[in-house]
Amino acid sequence: MAYLLRFLIVLMVLGIALTIFIGLGWVTLQWGHIQIAISAFLFLVFIQAFVMFYFIGVSRLVDNVWMALNSTENLSELFDTPPQDLEPYKKKVARYVHESTLCKRQTIPWTILMLILGSLGFLLGGAYDTGLVSRVIHSGVVYGFTAAMLIGFVRQWYYLGKSHTLLREMKALFGMSSDAM
């Protein structure tokens, strides 16, 4: 899943870059800046929601495993025959809980910032098109959005890799298949 999300966020950045290049007049296509902006923004909203829920889901899965380890009734969800000493498992899963929470905390604020600034830039683009604001205001917000998007892209790329590795380690620890959630 992390590889799919990485591919999608690369497509998102390319779509936003194409929109900006058309708006600046560096690239000309059959479609205009507004048509590309609509599709690129809708794609951005979809991808960022997908990425956000991925990190929330990983964190929730790790929390569920942590709660199952600390409850004697739910050990059958993790083990066919529970071992006598659960401390090595608890120690590793406590680290996984910390790492998954860190991944979520390091990416979701950037996701939300991208969505807010992207929405503002999109709405101000419509306001510029109707003559309500100047081009400087629209482009300034879009430049801020672009900076937030690039920072968020790097963070998401990095933490998608960390979350992917964390899931693989946790699934190997409990003998789960790699495609199970």
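In the range 150-169, which residues are touching a residue at least 24 places away in the same chain (Cβ under 8 Å), of a type in the set (F, W, Y) and surrounded by fewer than 20 Cβ atoms within 10 Å (Cβ to Cβ)?
Within the range 150-169, F153, W157 qualify.
Looking for whichever is among the polar types (S, T, N, Q) and outside any helix (DSSP H, G or I) here; the options are Q106, Q48, Q30, Q35. Which one fits?
Q30
Going by the structure shown, is P83 in a helix (DSSP H, G or I), closer than 24 Å to S177 by Cβ, out of contact with any helix residue (DSSP H, G or I) (no Cβ under 6 Å at 6 or more places or on another chain) and of a type outside the set (G, A, S)?
No.
Out of A94, A127, A147, A172, report the one residue that is among the small types (G, A, S), modelled with pLDDT of 95 or more and either surrounded by fewer than 19 Cβ atoms within 10 Å (Cβ to Cβ) or in contact with a strand residue (DSSP E or B) (Cβ under 9 Å, 6 or more places away or on another chain) (or both).
A147
Output the residues belonging to the range 32-62 that are among the hydroxyl-bearing types (S, T, Y) and either free of Cβ contacts under 8 Å to residues at least 12 places away in the same chain or closer than 16 Å to L14 by Cβ (or both).
Selection gives S39 alone.
Restricting the range 58-80 to residues that are part of a helix (DSSP H, G or I) and open to solvent by 60 Å² or more (accessible area, probe 1.4 Å), which is modelled with the highest pLDDT?
R60
The values are calculated or read from the model by the stated rules, or taken from the named source; none is laboratory data. Quick caveat, the model's predicted, so the values are computed rather than measured. In this analysis, Cβ positions are derived from the backbone assuming ideal geometry, glycine residues included, and neighbour counts consider all displayed protein chains. These area figures cover heavy atoms from the full protein model, side chains too; ligands, DNA and RNA do not enter into them. Shrake-Rupley method; radii C 1.70, N 1.55, O 1.52, S 1.80 Å.
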